[in-house]
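Sharing a structure here in structure tokens format.
The values are calculated or read from the model by the stated rules, or taken from the named source; none is laboratory data. Quick caveat: nothing in here was measured; it's all calculated off a predicted structure. Cβ coordinates were reconstructed from backbone atoms using ideal geometry, including for glycine residues, and neighbour counts include every protein chain displayed.
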């Protein structure tokens with residue numbers, strides 16, 4: 001079945017710098033790749049997603065890129081702010097449809113003022 | 001307000017005492033799912049449901065049961081909880097576009113401790 005690996009597990013940046021989180025997946029049939037942000041004590045919330053027919057998607061300071069050949073996708077956050085500090089999870093759709101998502105282990109991002 | 005709700009939010013119990021965590025959504029979503037979140041392991045799917053009376057195992061179903069008698073509700077049942085089920089549990093729901101994956105909306109979470 002699908003396996004998703006996420007790196008790094010922790011990331012520390014200065015305010016204003018860029019942050020990049022990378023994920024790889026194993027199942028070439030996966031076609032949906034969401035990113036969730038989880039603030040301390042809160043529920044995961046979708047921040048951006050991409051489908052396999054698109055190579056890049058951007059929403060203000062956040063962008064996601066997808067390389068289907070290499071089976072990896074990345075989250076890019078520019079001009080980081082302290083409120084970007086959270087745990088970020090990538091996910092890939094699993095085989096068999098049914099909205100199944102396989103999540104990465106998460107990246108704890110700390111943005112220092 | 002469109003939302004997914006869970007109850008209770010916090011629960012401390014003892015080994016073997018049956019418990020139920022409720023989940024309800026008001027968005028008329030067909031798909032609902034339960035996850036557990038443990039440090040360093042991300043979110044792992046326990047059970048999911050495509051629609052009323054249709055449920056199936058996820059990746060870590062052992063020790064759990066679910067039911068889907070109504071579209072809006074998807075309770076998680078621990079018949080005989082054990083300490084290794086101490087975890088943070090999330091319910092999620094989404095629309096089902098003929099099996100195509102879509103945005104999952106998560107409930108606020110239930111922190112369960114089994115002594």
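Quick test of your reading of the structure: residue B:2 fulfils all but one of (1) within 14 Å of another protein chain (Cβ to nearest Cβ); (2) under 17 Å from residue B:109 (Cβ atoms). Name the failing condition by number.
Condition not satisfied by residue B:2: (2).
Right, here's the next one. State whether one or more residues within region B:74-94 are without any contact (Cβ under 8 Å) to a residue 12 or more places away in the chain, within 11 Å of another protein chain (Cβ to nearest Cβ), assigned to a strand (DSSP E or B) and surrounded by fewer than 20 Cβ atoms within 10 Å (Cβ to Cβ).
no
Quick check on my filter: what residues within region A:68-96 are in contact with a strand residue (DSSP E or B) (Cβ under 7 Å, 6 or more places away or on another chain), surrounded by fewer than 23 Cβ atoms within 10 Å (Cβ to Cβ) and either part of a loop (DSSP other than H, G, I, E, B) or free of Cβ contacts under 8 Å to residues at least 24 places away in the same chain (or both)?
A:71, A:80, A:81, A:85
On to the next question. Anything in region B:43-57 that is crowded, with 16+ Cβ neighbours inside 10 Å and modelled with pLDDT under 90? List them, or say none.
Matches in region B:43-57: B:50 only.
Looking at (1) more than 14 Å from every other protein chain (Cβ to nearest Cβ); (2) within 17 Å of residue A:105 (Cβ to Cβ), which one does residue A:8 not meet, given that it meets all the others?
Failed condition: (1).
Okay, next question. Only one residue in B:102, B:59, B:38 is closer than 28 Å to residue A:87 by Cα and more than 9 Å from chain A (Cβ to nearest Cβ), so which one is that? Working first, answer last.
Details: B:102 fails: more than 9 Å from chain A (Cβ to nearest Cβ); B:59 fails: more than 9 Å from chain A (Cβ to nearest Cβ).
Going through B:102, B:59, B:38 in turn, the sole match is B:38.
Another question, then. Do any strands (runs of 3 or more DSSP E) entirely within region A:1-58 hold 3 or more residues that are within 14 Å of residue A:86 (Cα to Cα), and if so, which?
A:10-14, A:19-25, A:32-38, A:45-51
Are any residues in region A:24-43 away from chain B (no Cβ under 12 Å) and surrounded by 20 or more Cβ atoms within 10 Å (Cβ to Cβ), and if so, which ones?
A:25
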